[in-house]
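Read through the structure below, which is laid out as structure tokens, and then see the notes.
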Amino acid sequence: MARSSSATGSWARRFPCCCDGDRRNRFGGRSLSGDLLPPPSVGAMAQQPPRLRKKNLVSPYDPRYKVWETFLILLVVYSAWICPLEFAFLRYLPRAPFVVDDVVNGFFAVDIVLTFFVPYVDSKSCLVVDDHRKIAARYLSTWFAFDVCSTFPFQSISLLFDEHEHSLGLKFLNVLRLWRLRRVSSLFARLEKDIRFNYAVIRCTKLISVTLFAIHCAGCINYLIADRYPDPRRTWIGAAMPDFREAGLWIRYVTSMYWSITTMTTTGYGDLHAENSREMLFGIAFMLFNLWLTAYLIGNMTNLVVHSTGRTRDFRDMVQVASEFAARNQLPQQIEEQMLNHICLRFRTEGLKQQETLDMLPKAMRSSISLYLFFPVVQGSYLFKGVSSGFIQQLATEMQPEYFAPKEDIMLQNDKPSDMYLLVSGAVDILTFLDGTEQVYGKAAEGELLGEVGVMSNKPQPFTFRTTRLSQILRIARSKLMDIMRENGEDGQIIRSNFQQRLRVEQRLYIAMHQDGPVPAFERRMDP
């Protein structure tokens with residue numbers, strides 16, 4: 001087991017980072033119909049917004065409209081904070097705050113009018129609807145009434161009537177402004193899908209915002225109950241501050257937030273507690289709500305932590321199992337290092353999810369991607385010189401990309417010729433066994449084929465191929481290659497001719513370099 005630990009340590013020190021490759025975003029080259037709105041939340045797409053067929057419309061992708069939406073979000077945050085505060089603490093309706101409220105309501109009134117000119121995406125056809133009548137009908141049948149009620153200046157109108165200064169009815173109507181919070185919910189939903197932003201950060205921001213808003217609302221409501229109770233001294237705040245109504249707004253607000261936080265966190269110091277049945281009932285409701293909110297917060301935070309650490313934990317377990325397996329079976333150190341290198345490479349490249357991405361796409365799209373990525377590499381190989389483009393296309397779409405860690409065997413000498421490989425990037429040593437010792441016969445560079453001798457001759461592989469650094473290799477099964485060659489007879493003859501010509505050239509070079517010795521067995525095995 002000591003040998004296994006030392007091998008693991010040396011492997012960790014020598015293994016290079018394998019995720020520094022080119023990660024170019026290829027979405028920008030995709031074109032969409034002008035009738036389709038591109039996905040608004042993917043973030044990485046660099047494409048032109050669709051053109052609207054009707055005039056006098058506001059594109060939802062117009063940068064100016066985006067600024068307008070951001071400005072409204074800031075006003076929503078202000079409304080969410082000031083609305084419960086006015087409802088609970090501003091009993092005598094001072095005029096100054098409501099002037100600001102009227103200005104804010106004016107901006108949302110403008111947005112109501114503007115919504116009649118903003119196209120939408122039909123949920124069934126996924127097409128942009130830019131017809132004025134359909135836009136108006138959709139808005140009038142959905143959120144129009146709620147938006148109007150949340151924008152109507154009930155509080156300002158109540159100031160015209162002195163007898164309604166203390167009325168809770170008009171104040172309660174003013175709470176309808178909290179309907180605007182749906183904009184914040186939609187914003188977080190978009191940001192969570194936007195790949196330009198970190199998901200964990202957005203999710204944590206949302207959870208913190210929900211918690212702070214719940215604390216704010218609970219503190220305001222609890223103060224309202226105390227303020228409206230007939231006997232101020234028999235209230236949760238009156239027991240500690242008998243003249244709390246004469247205290248400043250800041251003192252009363254901080255005291256309310258203190259009670260709300262200690263109750264939500266189940267700290268319960270006992271200095272502020274319910275003194276009457278109304279406060280007890282609200283305290284019961286708030287604590288029951290806290291049970292749900294706490295479970296919601298803990299569940300979300302647990303998911304974030306598990307998601308961020310799960311892959312690392314699984315990787316450590318795999319390394320430990322592989323090391324124990326090698327020690328238990330007394331495997332050679334070289335094989336153990338290859339196992340550990342492969343596990344590390346799999347962990348590093350798993351985040352790319354290249355194969356998973358290709359598998360979920362339609363076949364035609366997978367073929368287009370394979371042609372774009374692999375066509376030049378396949379066409380440059382000596383074995384396929386002179387063949388038709390159609391043959392290269394068929395071949396490129398059947399090839400599977402694979403990654404190999406440094407010092408990992410791609411295939412072994414005398415293996416069954418089941419696959420042929422094409423080296424896209426990296427470097428490979430060509431090894432052979434002579435007189436019981438392993439010798440380096442040559443080196444394969446980028447763009448060269450590996451194992452084509454065994455595949456074309458239908459004989460055991462004459463060499464062992466081992467990577468010297470991180471390598472990306474395309475693999476194609478021999479059966480697939482032979483099927484494509486049979487379907488394209490002329491191209492098949494060209495490939496066989498290229499292969500035989502290459503063998504003759506290599507044999508002549510070898511004989512010229514070894515005039516005094518016979519051709520070794522592995523060289524004769526290359527002869528088809």
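The values are calculated or read from the model by the stated rules, or taken from the named source; none is laboratory data. Just so you know, these numbers come straight off a predicted model, no measurement behind them. Ideal geometry is used to build each Cβ from the backbone, glycine not excepted, and the neighbour counts take in all protein chains shown. Surface accessibility is based on the protein's heavy atoms, side chains included, excluding ligands, DNA and RNA. Shrake-Rupley method; radii C 1.70, N 1.55, O 1.52, S 1.80 Å.
Numbers for the structure displayed
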| read-out | value |
| --- | --- |
| Positions within region 449-470 being charged (D, E, K, R) and either at pLDDT 90 or above or outside any loop (DSSP other than H, G, I, E, B) (or both), in sequence order | GLU452, ARG466 |
| Count of region 116-150 residues which are within 30 Å of SER79 (Cα to Cα), part of a helix (DSSP H, G or I) and open to solvent by 40 Å² or more (accessible area, probe 1.4 Å) | 8 |
| Condition check for ILE473: among the β-branched types (Val, Ile, Thr), open to solvent by less than 60 Å² (accessible area, probe 1.4 Å), modelled with pLDDT of 80 or more and in contact with a strand residue (DSSP E or B) (Cβ under 7 Å, 6 or more places away or on another chain) | yes |
| Selection from region 293-331 of residues that are touching a Leu at 6+ places or on another chain (Cβ under 9 Å) and either of a type in the set (Phe, Trp, Tyr) or open to solvent by 70 Å² or more (accessible area, probe 1.4 Å) (or both) | TYR296, MET301, PHE325 |
| Members of region 204-231 that are buried (at least 17 other Cβ atoms within 10 Å of the Cβ) and either not hydrophobic (A, V, I, L, M, F, W, C) or not assigned by the TED database to the domain that holds THR263 (or both) | LYS206, HIS216, GLY219, ASN222, TYR223, ASP227, TYR229 |
| Pairs, first in a helix (DSSP H, G or I) in region 394-410, second aliphatic (A, V, I, L, M), C-beta under 7 Å, six or more apart | GLN394/ILE484; LEU395/VAL378; LEU395/ILE476; LEU395/ILE484; ALA396/LEU371; ALA396/VAL378; THR397/LEU371; GLU398/ILE476 |
| Residues within region 372-382 that are under 19 Å from GLN501 (Cα atoms), out of contact with any strand residue (DSSP E or B) (no Cβ under 6 Å at 6 or more places or on another chain) and open to solvent by less than 70 Å² (accessible area, probe 1.4 Å), tallied | 3 |
| All positions within region 421-441 that are assigned to a strand (DSSP E or B), surrounded by fewer than 21 Cβ atoms within 10 Å (Cβ to Cβ) and not hydrophobic (A, V, I, L, M, F, W, C) | SER425, ASP429, THR432, THR437, GLU438, GLN439, TYR441 |
| Selection within region 181-203 - more than 13 Å from the chain's Cα centre (by Cα), open to solvent by less than 40 Å² (accessible area, probe 1.4 Å) and in contact (Cβ under 8 Å) with a residue 40 or more places away in the chain | VAL184 |
| Residues that are open to solvent by 20 Å² or more (accessible area, probe 1.4 Å) and within 25 Å of PHE289 (Cα to Cα), drawn from region 240-258 | ARG252, TYR253, VAL254, THR255, MET257, TYR258 |
| Output for region 386-420, where each listed residue is open to solvent by less than 30 Å² (accessible area, probe 1.4 Å) and closer than 13 Å to PHE463 by Cα | ILE410, MET411, PRO417, MET420 |
| Residue under evaluation MET360, criteria (1) surrounded by fewer than 17 Cβ atoms within 10 Å (Cβ to Cβ); (2) touching a residue at least 40 places away in the same chain (Cβ under 8 Å), criterion not met | (2) |
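Conditions (1) among the charged types (D, E, K, R); (2) at pLDDT 90 or above, marked per residue:
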{"site": "GLU69", "(1), (2)": "yes, yes"}
{"site": "LEU75", "(1), (2)": "no, yes"}
{"site": "GLU86", "(1), (2)": "yes, no"}
{"site": "TYR92", "(1), (2)": "no, no"}
{"site": "PHE107", "(1), (2)": "no, yes"}
